[in-house]
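Readers should treat all values here as calculations from the given coordinates under stated rules, not as data from a laboratory. Everything numeric in this text was worked out from a predicted model, so none of it was measured. Neighbour counts run over all protein chains shown; Cβ positions are idealised from the backbone, glycine included.
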Amino acid sequence: MFLLRRLFTRRRAARFPLYLTDEEQTGLRAAGRFNAEVLDFIRPYVQPGVTTATLDGLVDEYTRDHGHLPACHGYQGFPKSICTSVNEVVCHGIPDERPLQSGDIVNIDCTSIVDGWYGDASETLLVGDCSPRARELVQTAFDALWVGIGALRPFGSVIDIGHAIARFGMERNVGVVETFQGHGIGRRFHQDPGIPHTPMKEARNRILVPGTCFTVEPMVNAGDKDTEGPLGDGWTVITRDRSLSAQFEHQILMTETGPEILTLTQHGPQPGHRF
Ligand code: MF3
Ligand code: CO
Ligand code: CO
């Protein structure tokens, strides 16, 4: 019994490594890169009048045409290939037949499986003409992600990310969501370490050992931090006070010299971008 368990945990550890060898890092880099290219592909289609179901179909086809898989499809029963979270939807919105309208904000969250490795990233897009408030919230969500990235150090504690983002959220007067976190990622979609965006004490002893791959993906609300859901569809999470919510997500590999962002291309919003 003991031996079996040891064999199992060893095999499991080998299949789902938390600290990646150089070769494994190469696989994960390719997944992050491809996933970022999916966002590059879909960005121009996000316009007033397009339905989120159309965006979903386009991403699904693009991903499969390149020989890869959309990881969301069928993940714990999720029915579509991307998450599309519009306005007061915090995360896990299901693409549907409602056309996007000028003034909406929509987060597109894409996850791909490339040769067994997961790539995960998202961004919030402004649809047509948005109110200054919506634009400002999207800016704050983007800046919050980069504030979190700025707190990353080799062998640093995960709690530093939460301290930095929570402080920034207070300054900008937004609610930083606590009910959803970033996560380790590799040969599994979600694994250790959990990456809270506020300073939760259990994150103190989670250490960013070089070779760790994870996401930072803060959700910020124009109003209160609290969320409601999932709704009746089993997935959609909204702000409790129905205020707008925005999110950006990057996938990051900690190296000996600092964080390497795996989901950044020259086409997406660069650090310092103004919306
Ligand atoms: N991509 C999301 C994340 O950043 C997870 C979506 S799970 C799904 O972790 F099932 F809703 F697709
Ligand atoms: Co994601
Ligand atoms: Co994620």
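Here's the picture: charge each Lys and Arg Cβ at +1 and each Asp and Glu Cβ at -1 in the chain, and of 230, 182, 49 the one pushed furthest to the positive end of that dipole is 182. Helix 22-42 and the long axis of the chain differ in direction by around 10°, with both axes built from C-alpha atoms. Against the chain, whose longest principal axis comes from its Cα atoms, helix 159-172 is set at around 10 degrees. Here the Karplus curve 6.51 cos²θ - 1.76 cosθ + 1.60, taken at θ = phi - 60°, turns the phi angles of the stretch 187-204 into couplings of 7, 10, 5, 10, 8, 5, x, x, 10, x, 9, 10, x, 7, 5, 5, 7, 4 Hz, with x standing for Gly and Pro.
Near residue 125, the amide H atoms lying under 5 Å from its own belong to 106, 107, 108; only residues 5 or more places off or on other chains count, and H is placed 1.01 Å from N. When the chain is treated as a GNM with alpha-carbon contacts under 10 Å, the residue of 142, 189, 41 showing the greatest mean-square fluctuation is 41. Between the stretch 15-93 and the stretch 165-229, how far is it from one alpha carbon centroid to the other, in angstrom? Taking the Cα centre of each part, the stretch 15-93 and the stretch 165-229 sit 20 Å apart.
Over the chain, the ratio between the Cα radius of gyration and 2.2 N^0.38 Å evaluates to 0.97. Shown here for the stretch 203-275: GluC sites (Glu not before Pro) in loop regions (DSSP other than H, G, I, E, B) with at most 14 other Cβ atoms within 10 Å, namely 256. Once backbone amide H atoms are built at 1.01 Å from N, residue 183 has 195, 215 as its partners under 5 Å, excluding neighbours fewer than 5 places away on the same chain.
For the pair residue 163 and residue 273, label points projected 7 Å from Cα toward Cβ lie 2.9 nm apart. Normalised by the number of residues in the chain, the average gap of Cα pairs under 8 Å and 6 or more apart makes the relative contact order 21 percent. Which one, 213, 100, 81, projects farthest toward the positive side of the charge dipole computed for the chain from Cβ point charges (K/R +1, D/E -1)? So the residue furthest toward the plus end is 213. Here the Gaussian network model covers the chain, with springs between Cα atoms less than 10 Å apart; of 90, 237, 138, 237 fluctuates the most.
Here's the picture: charge each Lys and Arg Cβ at +1 and each Asp and Glu Cβ at -1 in the stretch 113-240, and of 156, 144, 127 the one pushed furthest to the positive end of that dipole is 156.
Spin-label pair residue 47-residue 260: with each label point 7 Å from Cα along the Cα-Cβ axis, the two points sit 3.7 nm from one another. Taking the C-alpha atoms only, the angle from helix 132-150 to the longest principal axis of the chain is near 10 degrees. If you plug the beta carbon distance of residue 101 and residue 170 into 1/(1 + (r/R0)^6) with R0 = 25 Å, you get a FRET efficiency near 0.20. Estimated at 0.36 nm per residue, the fully extended path between residue 192 and residue 153 surpasses their Cα-Cα distance by 12.3 nm.
Treating only the Cβ atoms of Lys and Arg (+1) and Asp and Glu (-1) as charged, compute the dipole magnitude of the chain about its Cα centre; round to the nearest 20 debye. Kindly include the intermediate steps, with their values, before the conclusion.
Values: 26 positive and 34 negative charges, 211 e Å.
Charge dipole of the chain: 1020 debye, to the nearest 20.
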